[in-house]
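Asker: Please read through the structure below; I'll follow up with questions.
The numbers here are math on the coordinates, done by the rules we state, and not lab data. No experiment lies behind these values; they were computed from the predicted model shown. In this analysis, Cβ positions are derived from the backbone assuming ideal geometry, glycine residues included, and neighbour counts consider all displayed protein chains.
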Amino acid sequence: MKSKTIFSTMLSLRRTFGMFWGLIAGFIYMLLVFIGGIIGYMWIEGWNFLNSFYMVVITLSTVGFMEVLPLSNNGRILTSLLILGGVGGFAYLIGAFSQLLVEGRLQAILGRRRMQKTIGKLRNHIIVCGYGRIGEIVTKEIIDEGWEVVVIENNRELVESMEAAGISCVEGDATNDDVLKLAGLGNAKTLITSLSDEAANVYVTLIARQSNAKLNIIARGNNHISISRLEFAGANRVVLPHTIGGLRMAQSVLRPTVTNFIDIAMRGKLDLQMEELFITADSELVGKDLIESKIRPRFNLIIIAIRKGSGEMVFNPGPNEVIEAGDTLLTVGKLSDLSDINKIL
């Protein structure tokens, strides 16, 4: 039973230290050889601690100095064992360190530490859980819009591809509280959980909502039954990729011109974009109707709808519709014009 306990402890330590285990094991071995040599000389030769310590140092370092005091036969056997054990230990340490360098592990570790420091400084960023087919598209779109993104992924190959592309990422299970904290959950603005396992998405949503009550959570669902579960867990919005894909294919047949126009606009092939413009309390547009705001003549933007602060949606608003603080304007226009109007919001 005792041997099994020691073996399980060693396995646990190896999992904990990962690729550093070889170096740590080598240092532990050399420390035991060093302490064993000191105790051996004090016991066999009857030397004091200082003489024993010095003898072990010159023996393991193989500097070739004279013996501290004349050695007995047992002392010479101990010295021989120290030389063999010490040289073998040093050779193992050099091999373990060389492996870190040759395989690029050390550079990867240093790179991850720098990345983790960068993640720790982020504020109002977006966390994406899962870098599969959907997560990759989500991440690319958000980065293209200029937002800071941190991706959580437990697949080593996908993590390496993200590191090569310069995408901030954390390797681990998104359902783990510590992994979410490493991704900066407390300082994030939005979390998107796009894992293929619905139960995992529910669990991530629960953890995220408990950790950050103000977090905007977008969750992936597999069917309509998933919507109530994820919303109950704390998701602000549930997206069904299969349903959206099916509807999009149907619309491509039923309304091909409209669908093609939206596709062209969303993919950036036209200098045209649909955007949400949030009206702050300090905006010069507050208290003005659409005619007084002169949004159309000044910025050449079309107001499709206004979402009021109360949540009410006003479609195709009339010219006398008053803009209030907390409203969100749904607009269509050129990217340059959308950039200009942001200055007065």
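Asker: If each residue of separation counts as 0.36 nm, what is the full-extension length gain between residue 50 and residue 223 once their alpha-carbon separation is subtracted? All intermediate terms of the calculation are to be shown ahead of the outcome.
Answerer: On the way: separation 173, 0.36 × 173 = 62.28 nm, distance 7.45 nm.
My answer for the length gained is 54.8 nm.
Asker: May I ask you to derive the FRET efficiency for residue 316 and residue 251 from their Cβ-Cβ distance with R0 = 22 Å, giving the value to the nearest 0.05? Write down the numbers at each step before the final one.
Answerer: Values: r = 21 Å, r/R0 = 0.94.
Working from the Cβ atoms, E equals 0.60.
Asker: Select from 280, 35, 205 the residue farthest towards the positive end of the dipole of the chain; place +1 on Cβ of Lys and Arg, -1 on Cβ of Asp and Glu, and compute about the Cα centre.
Answerer: Comparing the listed Cα positions along the dipole, 35 ranks first.
Asker: Let me know the volume per residue of the alpha-carbon convex hull for the chain, in Å³.
Answerer: Per-residue hull volume (Cα only) is 226 Å³.
Asker: One-quarter of the Cα convex hull surface for segment 302-345, in nm²? Write out the running numbers ahead of the final one.
Answerer: Numbers: hull surface 12.8 nm².
Hull-based average projected area comes out at 3.2 nm².
Asker: Taking +1 at the Cβ of each Lys and Arg and -1 at the Cβ of each Asp and Glu, which of 254, 68, 158 sits farthest along the dipole of the chain towards its positive end, judged by Cα position relative to the Cα centre?
Answerer: 68
Asker: While we're on this one: When the Cα centres of segment 186-223 and segment 106-177 are compared, how far apart do they sit, in Å?
Answerer: 16 Å
Asker: Placing unit charges on C-beta atoms (Lys and Arg positive, Asp and Glu negative, everything else neutral), compute the dipole magnitude of segment 272-344 about its Cα centre in debye, rounded to 20. Walk me through the numbers before you get to the answer.
Answerer: On the way: 8 positive and 12 negative charges, 44 e Å.
That gives a dipole near 200 debye.
Asker: Turning to a different aspect of this structure: Nearest 0.05, what FRET efficiency do residue 231 and residue 211 give at R0 = 22 Å with Cβ-Cβ as r? Working shown, then result.
Answerer: Values: r = 18 Å, r/R0 = 0.82.
About 0.75, to the nearest 0.05.
Asker: Also, I was wondering about something else. Give me the angle, in degrees from 0 to 90, between the Cα long axis of helix 241-254 and the longest principal axis of the Cα atoms of the chain, rounded to the nearest 10.
Answerer: Here the helix axis deviates by roughly 40 degrees.
Asker: I would also like to ask the following. Using a/c under 1.5 as the rounded threshold, could you call segment 267-325 rounded, prolate or oblate? The axes a ≥ b ≥ c are square roots of the C-alpha gyration tensor eigenvalues, and prolate needs a/b larger than b/c, oblate otherwise.
Answerer: Details: a/c = 1.69, a/b = 1.43, b/c = 1.18.
Prolate, because a/c is 1.5 or more and a/b exceeds b/c.
Asker: A further question follows. Which whole-angstrom value gives the distance between the alpha carbon centres of segment 304-345 and segment 274-301?
Answerer: Each part's Cα centre sits 6 Å from the other's.
Asker: Nearest 0.05, what FRET efficiency do residue 39 and residue 178 give at R0 = 35 Å with Cβ-Cβ as r? If you can, show how the numbers build up before the last one.
Answerer: On the way: r = 41 Å, r/R0 = 1.16.
FRET efficiency, residue 39 to residue 178: 0.30.
Asker: If you don't mind, another one. With +1 assigned to the C-beta of every Lys and Arg and -1 to the C-beta of every Asp and Glu, and no other charges, what is the dipole magnitude of the chain about the Cα centre in debye, to the nearest 20? Walk me through the numbers on the way to the answer.
Answerer: Details: 34 positive and 33 negative charges, 123 e Å.
It works out to roughly 600 debye.
Asker: With an 8 Å Cα cut-off and a minimum separation of 6 or more residues, compute the relative contact order for segment 122-239 in percent. Before the final figure, lay out the partial values.
Answerer: Details: 223 pairs, mean separation 28.0, N = 118.
The value is 24 percent.
Asker: So between residue 197 and residue 294, what do we pick up on full extension, going 0.36 nm a residue minus the alpha carbon distance?
Answerer: On the way: separation 97, 0.36 × 97 = 34.92 nm, distance 4.87 nm.
The residue 197-residue 294 span can extend by a further 30.1 nm.
Asker: As a test, work out the antiparallel percent of DSSP beta bridges whose residues both lie in the chain, rounded to the nearest 5. Don't jump to the answer; show the numbers that get you there.
Answerer: On the way: 15 of 33 bridges.
Percentage antiparallel, nearest 5: 45.
Asker: Quick one: helix 21-44 against the long Cα principal axis of the chain, what's the angle to the nearest 10°, folded into 0 to 90?
Answerer: 20 degrees
Asker: Work out how much length residue 69 to residue 140 would gain on full extension: take 0.36 nm times their residue separation and subtract the Cα-Cα distance, in nm to one decimal.
Answerer: Contour length minus Cα-Cα distance gives 18.4 nm.
Asker: Expressed as an acute angle from 0 to 90° and rounded to the nearest 10, what is the orientation of the C-alpha long axis of helix 105-121 relative to the principal long axis of the chain?
Answerer: Approximately 40 degrees, to the nearest 10.
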